[in-house]
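What follows is a single structure, written as structure tokens, with notes after it.
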Amino acid sequence: MHDTTTLLIELGAIILVLGLVGRFAGLIGLSPIPLYLLAGLAFGKGGLLPLSASGDFIAVGAEIGVILLLLMLGLEYSASELVGSLRTQYPSGVVDLVLNATPGAAAGLLLGWGPVATVALAGVTWISSSGVVAKVLTDLGRLGNRETPVILGILVIEDLSMALYLPLLTALIAGLGLAGMSIALLISLGTVGIVLYVALRHGHLISRAVSSDNPELLLLVVLGLTLLVSGLAQEFQVSAAVGAFLVGIALSGEVAEGARRLLAPLRDLFAAVFFVFFGLSTRPADIPTVLVPALLLALATTLTKIATGWYAARRAAVGPRGRWRAGGTLVARGEFSIVIAGLAVVTEPRIGPLATAYVLILVILGPLAARWTEPAIARLRGRRARASPALEGHEEITPTASRNGHGDGSGL
């Protein structure tokens, strides 16, 4: 009974703090994500008010938060749009890998780490946080923007790549031979292929089976299906987030619209819990010793992610403003980076604190970069134009309509 009482008190305090900091963030026009993380640091080990009873509950809630974030993203797009995005954006995925994995690999070599830890650190710096990016796109009202399908295309390529990368990394850590690595890779490819096939060829049947005029039944069926598929995907070494995203892709029409409306409050609650949990998993005392290398790595990969987004949006004929917004939105790292570091820490203990500090920096910087990269570039270009009047009137602009069809200029 004592444990239950403590659990209720701790959860109540956390949710109350989240509500207060979220309201404060809204008043100052800032994304609440950095404040959620700081709240997690305050409640974590070594923080001001460490928790004792609610850690496991919050960990489960955090996992549900990521799943709901990716489900809601999937509901925004159809299976045909997903396939079209993958077909057109795979060159951007290659650029993303080269630009963002290279700094991590180089840092691992400079620090004198072994090959397994170096490969792991390359993964840490490569993968953007789907959870953070999804939350930022929602907070900033950019789901209908012209650059958003480009951002989602990069995220999907990264998440699907994790279905191959994580089993291979696990095999490397375990010291398995070529045969063991091949088996792990085949299982992952087969799982992703089956889920994609069902989503593409039989999505309409799934939507029909799930459809209900009763909001309560629709919520239960969609949420249960999502958690079930996510768990099965995780069991077969595929990210639970990828499974949730594919469920969202498979649902369409009135079912998708109703699910978005019903799940939005749950998504916001559990997404906030996810960011708090990330802060809880970080020991403040571990950060100062690795702060300098983490800052340098964060600076380098912030620039490479912005370059990745700019390149991908340019290939999709998005205008200059949308290109910079795409780059800034991709900056954040998060859940996958922590998972990768957690796997590799058995071979190189130093990767844990470094990855934690690195991700913490970028998960705070990410929402700020998403909001301010494009205005900062526009201001800088305005100053240059005033300094060189002869250049005025020659700025490249690609007129596009927004995805929502309102022609609000969001594609610029």
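Computed quantities for the displayed model
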item	result
Options Ile183, Ile127, Ile157: the member that is closer than 19 Å to Ser92 by Cβ, aliphatic (A, V, I, L, M) and surrounded by fewer than 23 Cβ atoms within 10 Å (Cβ to Cβ)	Ile157
Meets criteria (out of contact with any Asp or Glu (no Cβ under 7 Å at 6 or more places or on another chain) and not basic (Lys, Arg)) for Ala264	yes
Neighbours by Cβ (under 6 Å, 6+ apart or cross-chain): first from segment 74-94, at positive phi and basic (Lys, Arg); second at pLDDT 80 or above and surrounded by 14 or more Cβ atoms within 10 Å (Cβ to Cβ)	none
Residue count for segment 95-118, restricted to those that are among the hydrophobic types (A, V, I, L, M, F, W, C), within 16 Å of Val331 (Cβ to Cβ) and in contact (Cβ under 8 Å) with a residue 40 or more places away in the chain	2
Close pairs from segment 292-304: first of a type in the set (Val, Ile, Thr), partner not in a helix (DSSP H, G or I), Cβ under 9 Å, at least 6 apart	Thr301/Val331; Thr301/Arg333; Thr302/Val331
Lone unmet requirement of (1) under 21 Å from Val156 (Cβ atoms); (2) surrounded by 22 or more Cβ atoms within 10 Å (Cβ to Cβ); (3) among the β-branched types (Val, Ile, Thr) for Ile206	(2)
Candidates Leu297, Leu303, Leu360, filtered to the one that is assigned to a helix (DSSP H, G or I), buried (at least 22 other Cβ atoms within 10 Å of the Cβ) and modelled with pLDDT of 90 or more	Leu297
Out of Val119, Val94, Val66, Val132, sole residue that is at pLDDT 85 or above, of a type in the set (Val, Ile, Thr) and either surrounded by 20 or more Cβ atoms within 10 Å (Cβ to Cβ) or within 28 Å of Ala357 (Cβ to Cβ) (or both)	Val119
Residue satisfying condition, being over 20 Å from Ile157 (Cβ atoms), within 17 Å of the chain's Cα centre (by Cα) and of a type in the set (Val, Ile, Thr), within set Thr118, Thr125, Thr138	Thr138
Which numbered condition Tyr165 misses (of (1) buried (at least 21 other Cβ atoms within 10 Å of the Cβ); (2) under 21 Å from Arg315 (Cα atoms))	(2)
Neighbours by Cβ (under 8 Å, 6+ apart or cross-chain): first from segment 204-222, farther than 11 Å from Ser252 by Cβ; second among the small types (Gly, Ala, Ser)	Pro215/Gly258; Leu218/Ser211; Leu218/Ser212; Leu218/Gly258; Leu218/Ala259; Leu219/Ala259; Val221/Ser212; Val222/Ala259
Options Val331, Val318: the member that is at pLDDT 90 or above, touching a helix residue (DSSP H, G or I) at 6+ places or on another chain (Cβ under 6 Å) and outside any helix (DSSP H, G or I)	Val331
Within segment 269-294, tally of residues that are crowded, with 24+ Cβ neighbours inside 10 Å and outside any helix (DSSP H, G or I)	0
Residues of segment 267-315 classified as under 22 Å from the mean Cα position of the chain (by Cα), small (Gly, Ala, Ser) and over 24 Å from Leu380 (Cα atoms), total	5
Some residue of segment 217-225 being over 21 Å from the mean Cα position of the chain (by Cα), loosely packed, with under 12 Cβ neighbours inside 10 Å and among the small types (Gly, Ala, Ser)	yes
Leu220 being assigned to a helix (DSSP H, G or I) and within 30 Å of Gly366 (Cβ to Cβ)	no
Residue pairs meeting the criteria (Cβ under 7 Å; at least 6 apart or on separate chains; first closer than 14 Å to Thr170 by Cα, in segment 227-239; second surrounded by fewer than 18 Cβ atoms within 10 Å (Cβ to Cβ) and at pLDDT below 80)	Phe236/Ile187; Gln237/Ile187
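Condition check ((1) assigned to a helix (DSSP H, G or I); (2) at pLDDT below 85; (3) of a type in the set (D, E, K, R)) across all residues:
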{"position": "Pro353", "(1), (2), (3)": "yes, no, no"}
{"position": "Arg371", "(1), (2), (3)": "yes, no, yes"}
{"position": "Arg379", "(1), (2), (3)": "yes, no, yes"}
{"position": "Ala385", "(1), (2), (3)": "yes, yes, no"}
{"position": "Ala390", "(1), (2), (3)": "yes, yes, no"}
{"position": "Thr400", "(1), (2), (3)": "no, yes, no"}
{"position": "Gly405", "(1), (2), (3)": "no, yes, no"}
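The values are calculated or read from the model by the stated rules, or taken from the named source; none is laboratory data. Since the structure is predicted, the reported quantities are computational estimates derived from the model, not experimental observations. FYI the Cβ positions are ideal-geometry reconstructions off the backbone, even for glycines, and counts take in every protein chain you see.
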